[in-house]
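The values are calculated or read from the model by the stated rules, or taken from the named source; none is laboratory data. Keep in mind that this is a model prediction, so the values were computed, not measured. Backbone-built Cβ (ideal geometry, glycine too); neighbour counts: all protein chains shown.
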C-alpha cells in the first residue's frame with residue numbers, strides 16, 4: 001500500500017474511533033491552556049454559534065477536522081445532574097489533522113443543541129502529538145440561548 005492510502009486508511013479508522021468516543025461517557029471536563037470562547041451567533045450555520053479556540057500553551061497542539069475552521073467537536077447540555085452528552089455523530093471520511101501553534105487561534109461554528117433554553121457547551125479534542133494518542137477535551141464556557 002502506498003503511503004497516501006495508508007494515511008487515508010488511518011484517518012478513516014481514527015474517525016471511527018471518534019464516533020465511538022462520542023457515544024461513551026464524557027471525560028471529566030478540563031479547564032486548561034486552550035480557551036474556547038463564545039463569540040455570538042453563527043454566520044454560516046443558521047442554527048449555530050461562533051467560537052474562538054486559542055492555544056495558550058507553549059506547544060503545538062493537533063486537532064481533527066474537515067477544514068481548519070471546521071473541527072470535530074462535541075457538545076454537552078446542562079441538566080439537574082450535571083453535564084450530559086448531546087451526541088451528534090461524525091463521519092470519519094475526509095478528516096484531516098491540523099496543527100494549532102502556540103498563541104494562535106481559529107474561529108469555528110457549532111450547531112446549537114435541539115434542547116432550547118438549556119445551557120450548553122462545546123468541546124474539542126486536542127492532541128499533544130501527531131500519533132493522536134495523548135489528548136484532552138477542552139470546553140467552552142457555558143452558553144445559554
Note on residue 33: of the conditions (1) in contact with a strand residue (DSSP E or B) (Cβ under 6 Å, 6 or more places away or on another chain); (2) crowded, with 16+ Cβ neighbours inside 10 Å, unmet is (1)
Out of (1) surrounded by 13 or more Cβ atoms within 10 Å (Cβ to Cβ); (2) more than 20 Å from residue 34 (Cβ to Cβ); (3) out of contact with any helix residue (DSSP H, G or I) (no Cβ under 8 Å at 6 or more places or on another chain), the odd one out for residue 92 is which?
(3)
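Go through the stretch 116-145 and give me each residue that's without any contact (Cβ under 8 Å) to a residue 24 or more places away in the chain and surrounded by fewer than 16 Cβ atoms within 10 Å (Cβ to Cβ).
Filtering the stretch 116-145 down to residues without any contact (Cβ under 8 Å) to a residue 24 or more places away in the chain leaves 131, 133-135.
Matches in the stretch 116-145: 131, 133, 134.
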Kindly check whether there is at least one residue in the stretch 78-91 that is in a loop (DSSP other than H, G, I, E, B), farther than 15 Å from residue 139 by Cα and modelled with pLDDT of 95 or more.
no
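Which of the following residues is surrounded by 13 or more Cβ atoms within 10 Å (Cβ to Cβ), free of Cβ contacts under 8 Å to residues at least 60 places away in the same chain and not in a strand (DSSP E or B): 102, 113?
113
If you go through the stretch 128-145 one residue at a time, how many are in a strand (DSSP E or B) and over 11 Å from the mean Cα position of the chain (by Cα)?
Just the residues of the stretch 128-145 that are in a strand (DSSP E or B), to begin with: 135-140, 143.
Now narrow it down to the ones that are over 11 Å from the mean Cα position of the chain (by Cα): 135, 143.
Residues that pass the stated criteria total 2.
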With respect to the numbered conditions (1) over 26 Å from residue 119 (Cα atoms); (2) modelled with pLDDT of 90 or more, which one is the sole condition not fulfilled by residue 72?
(1)
Taking interchain pairs and intrachain pairs at least six residues apart, which have beta carbon atoms under 7 angstrom, with the first residue in the stretch 36-48 and touching a residue at least 60 places away in the same chain (Cβ under 8 Å) and the second not in a strand (DSSP E or B)?
38/141; 47/112; 48/42; 48/112
